[in-house]
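Structure first, then comments.
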């Protein structure tokens, strides 16, 4: 068979074609990289580790040692720590634990329950250590890391990004919070939100969903607001944000059509009899149009207008009352506190109730000692008792239903209970405690969500 001869010009130039294809691919990749948004650099090694060293875990200062939440050292050489006011509640002292396991008792030296900020004094091993310094305000899409103790899992780090421009989350609170999607859960409150350089961006404060668990939207008080408010809290020159004792709702299109007014302002639903709103002469049915020079286009505008006026102590409100325009002056000074009616002992706290009958602590018992009903907001509920539990013993002594009904507690007690399924457990019952313990979670908010409480 004769070989087939091909002229060199008819042979494919495979090496040249391959080179051209590679060059084309590289060109496309280069162009795509040039046109795509720049990706933020990952944190340098050790940056987040050093930031975590400023994180603290907060426990109650009493013998219960309850886990409360998170906190962090404030400033380059920390004189104080910062957390949320809802983390410490009304406590005058809390227990702090650092990453090395050191435990210190510290005082709560300032708190603002409206803006949800608390300041903790430091001493000993924590004082003067490197804390977190504020970085620049983050842009939309900036990578961030949340640090703290979500669900009690201490010194946990989660990653996300700034997912919205700062927004006012509660219309009655004059703060715009950072929205981000780094996972936070109960216990994360009071922990820092940091950027890739380990600088403070904000303090995690709340979760969007009413179930209390993370659903992709979390909020943090901005580092800018913390830098403005924390020094004033320490100096004790920050005016408290007033409680107006006022409920109002936005005038939406439906309300505006029914009332024959424009769709703006706030329709007052209720005015407390002795609050600041009542002192100004406001009434249910009034429509708030403006506060000072601020037109009330959004429900939250009133809070910011009042915040601006705190230094002067009063603000003029423009209202519509039955179609007539009026101006009223709102005095922002808090009313004098009424004299305490609680009997006190010199050098001691408020007088302590000597004893409680067990049957008055929020549950009903049958003859066998089984709990047939639990009342809401009772010591029984807060302790973790449940309907169907049977009380077997109190402080180690066996009891039947008859003796349980007549039993008086003069001190906190340990109950041995048996659940409906047969499992037994111990429950610590302290009717003198002011702290919330276990509580069933669920149910809807009983308030109309359109109503804003000022």
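Each reported figure results from applying straightforward, stated rules to the coordinates on display, with no laboratory input. This is a predicted model, so every value here is computed, not measured. Note that we place each Cβ from the backbone using ideal geometry, even for glycine, and neighbour counts take in every protein chain shown.
Where q = 0.18 Å⁻¹, what log10 of I(q)/I(0) comes from the Debye formula for the stretch 246-331, counting one point per Cα? Reported log10 I(q)/I(0), two decimals: -0.71.
Placing pseudo-labels 7 Å out from each Cα toward the beta carbon at residue 123 and residue 368 gives an inter-label distance of 5.4 nm. Modelled label positions at residue 261 and residue 167, each set 7 Å beyond Cα in the direction of Cβ, lie 2.6 nm from each other. The listed peptides 243-251, 97-105, ordered by packing as a protection proxy, come out as 243-251, 97-105 (highest mean of other Cβ atoms within 10 Å first). Placing one equal scatterer on every Cα of the stretch 356-429 and applying the Debye formula, the log10 ratio I(q)/I(0) at q = 0.20, 0.21, 0.28 Å⁻¹ is -0.75, -0.84, -1.72. Computed from the C-beta positions of residue 50 and residue 93, the FRET efficiency with R₀ = 45 Å rounds to 0.95. Estimated from the Cβ-Cβ distance and a Förster radius of 25 angstrom, the FRET efficiency linking residue 254 and residue 140 is about 0.15. Between residue 269 and residue 316, the simple spin-label model (points 7 angstrom out along Cα→Cβ) gives 3.0 nm. Sorted ascending by nearby beta carbons within 10 Å, beginning with the fewest, 382, 74 become 382, 74. For the stretch 186-338, compute Rh as the Kirkwood radius over C-alpha pairs and then the Stokes-Einstein diffusion coefficient at 20 °C and 1.002 mPa s; write the answer in µm²/s, rounded to an integer. It diffuses with D of about 119 µm²/s by this estimate. Between residue 359 and residue 235, full extension at 0.36 nm per residue minus the direct alpha carbon distance yields a gain of 39.8 nm. Relative contact order of the stretch 356-429, taken over Cα pairs closer than 8 Å and 6 or more residues apart, is 31 percent. In whole angstrom, how far apart do the alpha carbon centroids of the stretch 220-295 and the stretch 301-322 sit? About 7 Å separates the Cα centre of the stretch 220-295 from the one of the stretch 301-322. Residues of the stretch 278-309 with an amide N closer than 12 Å to a point placed 7 Å from the Cα of residue 331 along the Cα-to-Cβ direction: 278-281. Restricting the calculation to Cα atoms, the stretch 39-238 shows an Rg/Rh of 0.93 when the hydrodynamic-style radius is the Kirkwood one.
Measuring r between the beta carbons of residue 100 and residue 283 and using R0 = 60 Å, the FRET efficiency lands at 0.55. Sorting 58-69, 298-309 by their mean Cβ neighbour count within 10 Å, with the most densely packed peptide first, gives 298-309, 58-69.
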